[in-house]
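In what follows, a single structure is set out as structure tokens and then discussed.
The values are calculated or read from the model by the stated rules, or taken from the named source; none is laboratory data. All values reported here derive from a predicted model rather than from experimental measurement. Positions of Cβ are backbone-derived with ideal geometry, glycine not excepted, and every protein chain shown enters the neighbour counts.
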Amino acid sequence: MPVKFIHSDLPDVLVAELEVFNDTRGFFLETFHQRKYEVGGVGRGFVQDNHSHSQRNTLRGLHYQLNNPQGKLIYVVTGEVFDVAVDIRRGSPTFGKWMGTRLSAKNKRQVYIPEGFAHGFCVLSDTTDFIYKCTGFYAPGDEYGIFWQDSSIGIEWPVANPILSDKDRRNPKLSEVPESHLPIYQVTSS
């Protein structure tokens, strides 16, 4: 069976609904199948898998890498998160726009966020285990961020007083980021 890909409000960001096989023992699903994902346009090779464990009200983001960009295929194995992508590509018709979706162990959805987007999430359950595959390696010297509560973006986070890292608390608003620190939108032919 093919993976069902749903275009979000940001056309390049895809939500994947997976086929789940349930029986009395539990369930089985494929969290990645290269040929099936290539059909949906998620064909670039993944090079790194990450696992994040967080407690309720933790908010991580909004993060991106500029010179070593990462596309991300994201899913949750325990708990629930509100996952957000923001288009920060200079010249994009959706620059500064955001989309959010709930990912949980229960709905077993995934989201694919391509390179050129800032990413963040907040935890809605007591704890969560959040897994994501990346198309590029993590580069510590190439970390950038956008302020999670930037009013010009207007993300409707479902938490009022999130737990933040000091770094995320100090991220600049999108309008304060020098153009040279933002990715450039490139039209791709399909």
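Residue count for the range 23-67, restricted to those that are farther than 23 Å from Y138 by Cα, surrounded by 15 or more Cβ atoms within 10 Å (Cβ to Cβ) and at pLDDT below 95: 2. Which number in (1) more than 29 Å from E179 (Cβ to Cβ); (2) assigned to a loop (DSSP other than H, G, I, E, B); (3) polar (S, T, N, Q) marks the one condition that S52 misses? Tallying (1) more than 29 Å from E179 (Cβ to Cβ); (2) assigned to a loop (DSSP other than H, G, I, E, B); (3) polar (S, T, N, Q), S52 fails exactly one: (2). Restricting attention to the range 95-111, the residues that are touching a residue at least 40 places away in the same chain (Cβ under 8 Å), surrounded by fewer than 24 Cβ atoms within 10 Å (Cβ to Cβ) and over 23 Å from R169 (Cα atoms) add up to 2. Residues of the range 10-22 that are loosely packed, with under 13 Cβ neighbours inside 10 Å and under 18 Å from G116 (Cβ atoms): P11 alone.
Could you check P178 against (1) closer than 22 Å to H51 by Cα; (2) surrounded by fewer than 19 Cβ atoms within 10 Å (Cβ to Cβ); (3) of a type outside the set (S, T, Y) and say which number it fails? For P178, the exception is condition (1).
Inside the range 73-94, residues that are touching a residue at least 60 places away in the same chain (Cβ under 8 Å), buried (at least 21 other Cβ atoms within 10 Å of the Cβ) and outside any loop (DSSP other than H, G, I, E, B) make up a count of 5. The lone criterion from (1) crowded, with 19+ Cβ neighbours inside 10 Å; (2) farther than 27 Å from G41 by Cα; (3) touching a Ser or Thr at 6+ places or on another chain (Cβ under 6 Å) left unmet by I163 is number (1). Among the residues of the range 148-158, is there at least one that is in contact with a Pro (Cβ under 9 Å, 6 or more places away or on another chain) and not polar (S, T, N, Q)? Among the residues of the range 148-158, at least one is in contact with a Pro (Cβ under 9 Å, 6 or more places away or on another chain) and not polar (S, T, N, Q), which makes the answer yes.
To keep it simple, each residue is scored yes or no on (1) touching a His at 6+ places or on another chain (Cβ under 8 Å); (2) under 19 Å from H51 (Cα atoms); (3) not in a loop (DSSP other than H, G, I, E, B).
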site	(1), (2), (3)
C122	no, yes, yes
D129	yes, yes, yes
K133	no, yes, yes
Y138	no, yes, no
Q149	no, no, no
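Checked against the criterion of being within 16 Å of the chain's Cα centre (by Cα) and among the aliphatic types (A, V, I, L, M), the range 61-72 contains one or more residues that satisfy it. Within the range 122-140, being under 12 Å from the mean Cα position of the chain (by Cα) and closer than 13 Å to A105 by Cα holds for F130, I131.
This table checks each residue for (1) over 10 Å from the mean Cα position of the chain (by Cα); (2) hydrophobic (A, V, I, L, M, F, W, C).
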| position | (1), (2) |
| --- | --- |
| A85 | no, yes |
| P93 | yes, no |
| G96 | yes, no |
| M99 | no, yes |
| R102 | yes, no |
| N107 | yes, no |
| Q110 | no, no |
| G120 | no, no |
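When the test is whether a residue is part of a loop (DSSP other than H, G, I, E, B), at pLDDT 95 or above and within 16 Å of M99 (Cα to Cα), P172 does not pass it.
Would you mention how many residues in the range 152-169 are in a loop (DSSP other than H, G, I, E, B) and closer than 18 Å to D83 by Cα?
Pass one, the range 152-169, residues in a loop (DSSP other than H, G, I, E, B): 152-162, 164-165.
Next, from what is left, pick out any that are closer than 18 Å to D83 by Cα: 153-162, 164-165.
Qualifying residue count, the range 152-169: 12.
Within the range 95-112, restricting attention to residues that are charged (D, E, K, R) and part of a loop (DSSP other than H, G, I, E, B), the residue that is farthest from H181 (Cα to Cα) is K106.
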